[in-house]
Amino acid sequence: MKKVGVAILGLGVVGGGTYKILKEHRDFYRANHGIDITVEGVLEINRERALALGVEEEKIASNIAEICSNPEVDIVIEVMGGVEPAKTFVLSALNAGKSVVTSNKELYCKYSHVLEKVAKKNNCGLFYEASCVGGVPVIRALLDNLQGNKITSLIGIINGTTNYILTKMSSAGAAYKDVLKEAQKLGYAEADPTADVEGYDASYKLSILSSIAFHTKVPYTEIYREGITEVSAEDISYGNRLGYTLKLLAIGKCGGNGIEVRVHPAFVKKGHPLAGVNDSYNAVYISGDSVEDVMLYGRGAGALPTGSAIVGDVIYCATHNGFNYSTFENSETAAPSTKFVKNFESSYYLRLAAADKAGVLSKVTAIFSKYGISMAEVKQYTEVNNGEVPLILITHTTYENNIKKAVTDVNSTNVAKVVSVIRAI
Ligand code: HSE
């Protein structure tokens with residue numbers, strides 16, 4: 001039977017889950033894959049944590065050199081998170097001839113060009129299924145199963161923390177700050193929630209996914225990014241009343257004008273498969289020219305779901321000859337020929353505070369019509385605030401720049417002010 005030794009760098013939530021899966025399923029993998037996977041080393045600063053998981057004392061390494069020089073270790077699993085020291089450790093492992101499986105989206109997003117070069121030089125595998133959308137096998141689907149397609153778009157709910165917060169804001173009508181506090185108490189949000197709520201986490205994942213999908217490097221710095229911190233319970237409620245649900249979407253499109261990549265809150269029409277993805281669940285909705293539409297749904301985080309993705313990579317690495325690298329020139333920046341669409345097209349939800357008197361609506365709609373923006377829905381509500389009423393507009397698809405111009409013009413009138421603008425799909 002083929003023996004496969006692994007080492008785990010970091011025994012936090014994901015490392016612990018991975019260790020548990022490998023231990024509990026050892027006989028299952030022996031029986032079904034003909035491979036005997038054993039944990040030959042761990043690197044964990046907190047020895048007590050390692051011992052509590054059942055790691056034998058002699059398998060706890062004191063430094064990365066011990067892991068790299070251990071001939072029993074074939075594959076190094078990096079689940080530390082963050083760029084350093086993870087990058088140094090991964091490069092050391094690759095230079096020592098070990099294949100690497102990582103769940104580290106920030107590291108892979110920012111440095112895949114460096115890691116891949118070293119992996120190729122040493123004829124090692126570099127696997128990163130767990131870096132995006134936890135247990136949902138979207139990377140392998142894009143790398144393998146969907147290769148027969150030109151992928152035209154992928155739209156994802158790829159951050160569980162923000163999806164949990166938006167779902168609770170929607171169901172309880174609660175303010176962002178209150179729901180965030182509750183999410184932190186329950187362990188759904190980090191003490192410092194910036195990476196999740198400001199959309200950085202989703203943009204790292206979108207960079208990785210769209211690079212694979214569109215066969216060209218899509219650096220995260222090209223991604224338009226807006227988080228959920230400014231979202232109000234009022235807009236969620238007005239959107240709900242019009243049949244929309246608010247999500248933090250990661251959108252990647254590839255068409256005749258180039259590549260469009262953005263992360264921002266967006267209203268999703270109820271009935272769209274993504275509208276039903278609630279709480280901390282994730283999903284990616286992929287459209288290809290042959291397959292049409294595919295949606296992958298599941299747990300985007302957590303010890304066992306992310307461990308599932310890691311162990312899947314370990315088994316894939318151990319049972320396949322040769323390694324897959326990027327289909328494109330993987331460099332830090334995009335290829336000079338790649339065009340990024342910045343003035344993208346979308347539908348928009350706008351909430352205006354308007355004077356409730358004759359002629360206001362026609363003045364407002366005249367401004368939108370001046371920029372060629374067509375209305376799909378217009379709804380005035382009766383709640384009066386400082387003599388003004390909420391006027392909700394949903395536009396047909398139009399250019400972002402046209403919306404910006406129209407908003408400036410509306411705000412220069414004395415009959416209405418734009419309170420919020422939210423994109424919609
Ligand atoms: N913090 C991420 C999320 C999970 O909330 O989805 C790990 O990527």
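The values are calculated or read from the model by the stated rules, or taken from the named source; none is laboratory data. Note that the structure is predicted; figures quoted are calculated from it, not measured. Neighbour counts are summed over all protein chains in view; Cβ atoms, including those assigned to glycine, are modelled from backbone coordinates with ideal geometry. To get the accessible areas, we keep the full protein, side chains included, count just its heavy atoms, and leave off ligands, DNA and RNA. Shrake-Rupley method; radii C 1.70, N 1.55, O 1.52, S 1.80 Å.
Just for segment 35-69: of the residues that are under 20 Å from Lys121 (Cα atoms) and not aliphatic (A, V, I, L, M), which one is most open to solvent (accessible area, probe 1.4 Å)?
Ser69
Quick one: would you say Leu143 is more than 16 Å from the ligand (Cβ to nearest atom) and at pLDDT 95 or above? Steps first, answer last, please.
Details: more than 16 Å from the ligand (Cβ to nearest atom): yes; at pLDDT 95 or above: yes.
For Leu143, the condition - more than 16 Å from the ligand (Cβ to nearest atom) and at pLDDT 95 or above - is met.
In segment 286-311, how many residues are modelled with pLDDT of 95 or more, within 20 Å of Leu154 (Cβ to Cβ) and among the small types (Gly, Ala, Ser)?
Matching residues across segment 286-311 total 5.
Can you confirm whether Ala191 is closer than 15 Å to Lys105 by Cα and either away from the ligand (no atom under 11 Å from the Cβ) or buried (at least 23 other Cβ atoms within 10 Å of the Cβ) (or both)?
No; evaluated as a whole, the condition is false for this residue.
How many residues does segment 167-188 contain that are of a type outside the set (Gly, Ala, Ser) and either buried (at least 19 other Cβ atoms within 10 Å of the Cβ) or touching a Cys at 6+ places or on another chain (Cβ under 8 Å) (or both)? Full working, then the answer.
Residues of segment 167-188 that are of a type outside the set (Gly, Ala, Ser), as a first pass: 167-169, 176-182, 184-186, 188.
Right, trim to either buried (at least 19 other Cβ atoms within 10 Å of the Cβ) or touching a Cys at 6+ places or on another chain (Cβ under 8 Å) (or both) and you get 167-169, 176, 179-180, 188.
Of the residues in segment 167-188, 7 are of a type outside the set (Gly, Ala, Ser) and either buried (at least 19 other Cβ atoms within 10 Å of the Cβ) or touching a Cys at 6+ places or on another chain (Cβ under 8 Å) (or both).
Of everything in segment 240-286, what is of a type in the set (Ser, Thr, Tyr) and either open to solvent by 50 Å² or more (accessible area, probe 1.4 Å) or assigned to a strand (DSSP E or B) (or both)? Give them in sequence order. Can you show your working first?
In the first step, residues of segment 240-286 are kept if they are of a type in the set (Ser, Thr, Tyr); the result is 244-245, 280-281, 285.
Correct list: Tyr244, Thr245, Tyr281, Tyr285.
From the list Val133, Val90, pick out the single residue that is assigned to a loop (DSSP other than H, G, I, E, B), touching a residue at least 24 places away in the same chain (Cβ under 8 Å) and either within 16 Å of the ligand (Cβ to nearest atom) or touching a Ser or Thr at 6+ places or on another chain (Cβ under 9 Å) (or both). Quick ask: steps written out before the conclusion?
Numbers: Val90 fails: assigned to a loop (DSSP other than H, G, I, E, B).
Matching residue, one of Val133, Val90: Val133.
Residue by residue, here is whether (1) within 16 Å of the ligand (Cβ to nearest atom); (2) hydrophobic (A, V, I, L, M, F, W, C); (3) open to solvent by 20 Å² or more (accessible area, probe 1.4 Å); (4) closer than 25 Å to His113 by Cα holds:
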residue: Gly288; (1), (2), (3), (4): no, no, no, no
residue: Arg299; (1), (2), (3), (4): yes, no, yes, no
residue: Gly322; (1), (2), (3), (4): no, no, yes, yes
residue: Tyr325; (1), (2), (3), (4): no, no, yes, yes
residue: Tyr348; (1), (2), (3), (4): no, no, no, no
residue: Val360; (1), (2), (3), (4): no, yes, no, no
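For Ser203, only one of the following conditions fails: (1) small (Gly, Ala, Ser); (2) within 14 Å of the ligand (Cβ to nearest atom); (3) more than 25 Å from Glu329 (Cα to Cα). What is its number?
(3)
What number of residues within segment 211-239 are buried (at least 23 other Cβ atoms within 10 Å of the Cβ) and charged (D, E, K, R)?
Qualifying residue count, segment 211-239: 1.
Restricting to segment 367-391, give me the number of residues that are surrounded by 12 or more Cβ atoms within 10 Å (Cβ to Cβ) and over 30 Å from Ser210 (Cβ atoms).
14
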